[in-house]
Amino acid sequence: MQSRLPQPPQRKFCAAWLTLATLMIAVLTFAARAEEPESPSPVVTIGVVADNEPYTFFEGRNPAGFSIDVLREVASNSNLIFDFRAGSWPDIYAAFLRGDLDAIDGISWRPDRAEKVLFSEPYHYREIYLMHDSARPTPTIEALDDLQGLRVGMVEDIFYRSEFADAGISLTTYDSLTSVVRALAFGWIDIAVGPKLTMEYLANQAGFRFLELLGPAPLQQYSGEDFRIGVLTDNLNLFNQI
């Protein structure tokens, strides 16, 4: 039976050195990975309406309001950073459709919009009302036909505009709800159409105490405004994150 010869000291030293070197490389690699900064959260530009109290408004340069709180929570849970871009609804909607914005807030579902836009589930609903000047009272409006002959004002590109237009109602559109309320106060229109809470807020803020809610807008399918986040159909990855 052959006996195993002892290894030369040089071979033992080489084996020990190789083991130590391998261990050191592993430790250094782990340390380097641990020191690597985490990947930054993607920045997503999102359009919001500037003067839409109490949902979205600005205190100096800082966005605030109910919808802003919701969006910040969405961004936190989605590992995103929302870069808020404010403007009138026509402006941010047009910029969104052009692809200048990654997402848009406060958009309502419509079948024609769904051809280009992916919609989140609604996070809020608000009622659509009519407002008039109590000094120039308007009879109770029970149907869209009752608005015939009256000057009706609303925000341009708003989702329920087609219902009034299809009924043959003469419409004057404005870039913001603030402008609609002012037009009513200054006698440029007879009826303002918009969300109940926001119209009341804007009228009181401006001191237009003579402006009063007339009642719910006589709409069927779109009597309530649904607040959703919208993303263009070619940006499915972002939509899935949101």
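The values are calculated or read from the model by the stated rules, or taken from the named source; none is laboratory data. All values derive from a computational prediction rather than experimental measurement. Methodologically, a virtual Cβ is constructed for each residue, glycine included, from the backbone with ideal geometry; neighbour enumeration extends over all protein chains shown. Protein only, heavy atoms only, side chains kept; ligands, DNA and RNA dropped before computing areas. Shrake-Rupley method; radii C 1.70, N 1.55, O 1.52, S 1.80 Å.
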Notebook entry, point to check: What is the spin-label model distance, in nm, from D112 to N240 if the labels are put 7 Å beyond Cα along the C-beta direction?
Noted result: 3.2
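What net charge do the residues around D175 carry, taking every other residue with its C-beta under 14 Å from that of D175, with Lys and Arg at +1 and Asp and Glu at -1? Write out the running numbers ahead of the final one.
On the way: positive: R161, R182; negative: D51, D91, E156, D157.
Its environment carries a net charge of -2.
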Notebook entry, point to check: One-quarter of the Cα convex hull surface for region 30-154, in nm²?
Noted result: 12.4
Notebook entry, point to check: Tell me, what is the 1.4 Å probe accessible area of Y201, in Å² to the nearest 10?
Noted result: 100
Check: Dipole of region 136-242 (Lys/Arg Cβ +1, Asp/Glu Cβ -1, origin at the Cα centre): which of A167, L202, I229 lies farthest to the positive side?
Finding: L202
